[in-house]
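Participant: Got a structure for you, questions after.
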Amino acid sequence: MRTRRPIVVVGGGVAGLATALAAAPAPVRLLCRAHDGSGSASALAQGGIAAAIDPADSAAAHAHDTLQAGAQHNDAAMVHWLCAQAPSAIAWLQTQGVTFDRDADGGLQLGREGGHHAARIVHAGGDASGAALIHALRARAQAAPHIQWRGGVEVDALLLRDGRVCGVRASDGQGHQDEIEAGAVVLATGGIGALFAHTSNPPGADGAGLALALAAGAQSRDLEFMQFHPTALDVGGHCLPLVTEALRGAGAVLCDAAGQRLMAGVHALLDLAPRDVVARQVAQAQRDGSTVWLDARAVTGDWRVRFPSVLAACLAHGIDPRQAPIPVTPAAHFHMGGLATDRDGRSSLAGLYAVGEVACNGVHGANRLASNSLLEGVVCGRRLGALLAGPAGVGVTAAGAQRVERGAALVATELAALRELLWQAAGPQREPTTMRRALATVAVLAQHGWQARLAQQLLLAALQRPSSLGAHHCSSA
Ligand code: SIN
């Protein structure tokens, strides 16, 4: 019998936790940057989980909306599978201790978000769904005997033997490094929003896992497709609080400085048009010199129950959204591209897997449909965990393995410059000349740090797609 080595899962967001839990009884080492496993983008997710629960709705209709938002660039079979799994994902989450919001009849309360033709967003704690999921799944993972949790470490190298990933190097920031042999390495490290000047993501969404995998020679896919959320709170700075799309589902509308409806005549779904369409309209209004406002004063019900996260963020900046419009701006939100994987999460490197936002299995196409990301994290995480609980997770020895490092990071001033460059060149509105100029600057920065090498890959991918598709909106030179 071959020795079973632990499955190393890097990242404590929803996808990493779901993978780790589903791998039982195989031993799992869960490695996170923060000591308490916090800091994932999942914890900030406000929307919820899309699932065709209403008897008048169907998985086919959910899939139709997912494909339409994704500009049909999706892996259609994967989309149909994901949407069909959504109701059972909700049921599983309930068994894990997640309490979803219910309506007066006791049924699951279903919200509506952009690109959906039906109310099918299941949420928990109002607009605090991601935090509710993380809270429940983290408690389960911490209590699970097969999971050994280690926080406060950075995975900065992969161990490779005969072309197979067989472990990681984890550094604790105090000069102590550990090499951990692994039956399989799962990257669940999240997206790259923090590489842009404005993002709804936490600072840790910097693409570190993706950069490491690419340094080891793994294949990427669709790197150019970055989603920009139309409504982050416009209070200046890098990581901005999100103003959930569910508010527009509840009646909030976007207006320009003159108080005119921004989405009138732009799309049949008005303020609930797909995110890329709305984000571009907001960005264009800003370019034209207008501040953009989300007027949510008509939203009914108790904000402390329905939208506690938005209310708290606005009040912290002296804005009461019940009384006054909210200033909003687009912000980098979700990376549809990433480490190329098959439907199970296998990367092109044996022994290396990816799940959640760092992965690109094709399900989101060129633009992710709202509230499909927590869904993907749960469903694909459980699928991958179950796979790795079997022979796929056994692996080989790391004796004599080669170390592939991510390499040095940019210094703070270089990183700030890179974020600004990416925002200007690869933001909601792109244009080849600007992207080519940015690429030349990024090529210099790429000699100094891995973030710039990742940005270089993104810009190259974007330049290879001269026409617009989904979230990649490219006007001609
Ligand atoms: C939102 O609440 O607007 C974001 C939900 C999502 O990204 O799916």
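The values are calculated or read from the model by the stated rules, or taken from the named source; none is laboratory data. Model, not experiment: these values are computed from the prediction. No Cβ is skipped: glycine too gets one built from the backbone with ideal geometry, and neighbour counts run over all protein chains shown. These area figures cover heavy atoms from the full protein model, side chains too; ligands, DNA and RNA do not enter into them. Shrake-Rupley method; radii C 1.70, N 1.55, O 1.52, S 1.80 Å.
Participant: Can you list, largest first and rounded to whole Å, the semi-axes you get for the stretch 335-477 by taking the square root of 5 times each eigenvalue of its Cα gyration tensor?
Facilitator: The answer is 31, 22, 12 Å, longest axis first.
Participant: Turning to a different aspect of this structure: Below 8 Å between Cα atoms, with a sequence gap of 6+, how large is the relative contact order for the stretch 17-122 in percent?
Facilitator: 28
Participant: Label points 7 Å out from Cα along the Cβ direction at residue 177 and residue 420: separation in nm?
Facilitator: 3.4
Participant: Angle check, please: helix 450-463 long axis (alpha carbons) against the longest principal axis of the chain (alpha carbons), in degrees 0 to 90, nearest 10.
Facilitator: So the inclination is approximately 60 degrees.
Participant: Over the Cα atoms of the stretch 385-450, Rg to Rh with Kirkwood Rh, two decimal places?
Facilitator: Reported Rg/Rh (Cα atoms, Kirkwood Rh): 1.26.
Participant: When only C-alpha pairs under 8 Å and at least 6 residues apart count, what is the relative contact order of the chain, in percent?
Facilitator: 24
Participant: Right, something else. Where does each of 313-319, 422-428, 299-305 land if you order them by average Cβ count within 10 Å, highest first?
Facilitator: Result, highest mean Cβ count within 10 Å first: 422-428, 313-319, 299-305.
Participant: Let me ask something else about it. Treating only the Cβ atoms of Lys and Arg (+1) and Asp and Glu (-1) as charged, compute the dipole magnitude of the chain about its Cα centre; round to the nearest 20 debye.
Facilitator: Roughly 820 debye, rounded to the nearest 20.
Participant: Extent of the stretch 24-120 along each principal axis, from alpha carbon coordinates, in Å, largest to smallest?
Facilitator: So the three principal-axis extents are 43, 39, 27 Å.
Participant: Let me ask something else about it. Over its Cα atoms, what ratio of radius of gyration to 2.2 N^0.38 Å does the chain give?
Facilitator: Taking the Cα Rg and dividing by 2.2 N^0.38 Å, one obtains 0.93.
Participant: Something else about it: Carbon and sulfur atoms: what percent of the 1.4 Å accessible area of the chain do they account for?
Facilitator: 52
Participant: With θ set to phi - 60° and the Karplus curve 6.51 cos²θ - 1.76 cosθ + 1.60, what are the ³J(HN,Hα) couplings of the stretch 390-398 in order, to the nearest whole Hz, using x for Gly and Pro?
Facilitator: x, x, 4, x, 7, x, 10, 5, 9
Participant: On the Cα set of the stretch 70-170, report Rg and Dmax in Å, please.
Facilitator: Radius of gyration, then largest Cα-Cα span, for the stretch 70-170: 18.8, 59 Å.
Participant: Can you give me the distance in nm between label points at residue 261 and residue 464, each placed 7 Å from the Cα along the Cα-to-Cβ direction?
Facilitator: With each label point 7 Å from Cα toward Cβ, the separation is 4.2 nm.
Participant: Does the stretch 279-370 classify as rounded, prolate or oblate by the C-alpha gyration tensor (a ≥ b ≥ c root eigenvalues; a/c under 1.5 gives rounded; else a/b over b/c gives prolate, otherwise oblate)?
Facilitator: Because a/c hits 1.5 or more and a/b exceeds b/c, the stretch 279-370 counts as prolate.
Participant: Counting only heavy atoms of protein chains, what accessible area per residue, in Å², does the chain have with a probe of 1.4 Å?
Facilitator: Ligands and nucleic acids excluded, the result is 36 Å² per residue.
Participant: Give me the log10 of I(q) over I(0) for the stretch 86-142 at q = 0.19, 0.23 Å⁻¹, as the Debye formula computes it from C-alpha points; what are the numbers?
Facilitator: -0.70, -0.96
Participant: Pop out the Kirkwood hydrodynamic radius of the stretch 113-238 from its pairwise C-alpha distances, inverse of mean 1/r, in Å to one decimal.
Facilitator: Averaging 1/r across every pair of different Cα atoms and inverting gives 17.9 Å.
Participant: Say a paramagnetic label sat at a point 7 Å from the Cα of residue 140, along Cα to Cβ; which residues of the stretch 1-24 have their backbone N under 13 Å from it?
Facilitator: Taking a point 7 Å out along Cα→Cβ of residue 140, the residues of the stretch 1-24 whose backbone N falls under 13 Å are 14-24.
Participant: Counting Lys and Arg as +1 and Asp and Glu as -1, each charge on the Cβ, what is the dipole of the stretch 240-310 about the Cα centre in debye, to the nearest 20?
Facilitator: In total the dipole reaches around 100 debye.
Participant: Another one. If you line up the long axis of helix 412-426 against the longest principal axis of the chain, both from Cα atoms, how many degrees apart are they, to the nearest 10?
Facilitator: 60
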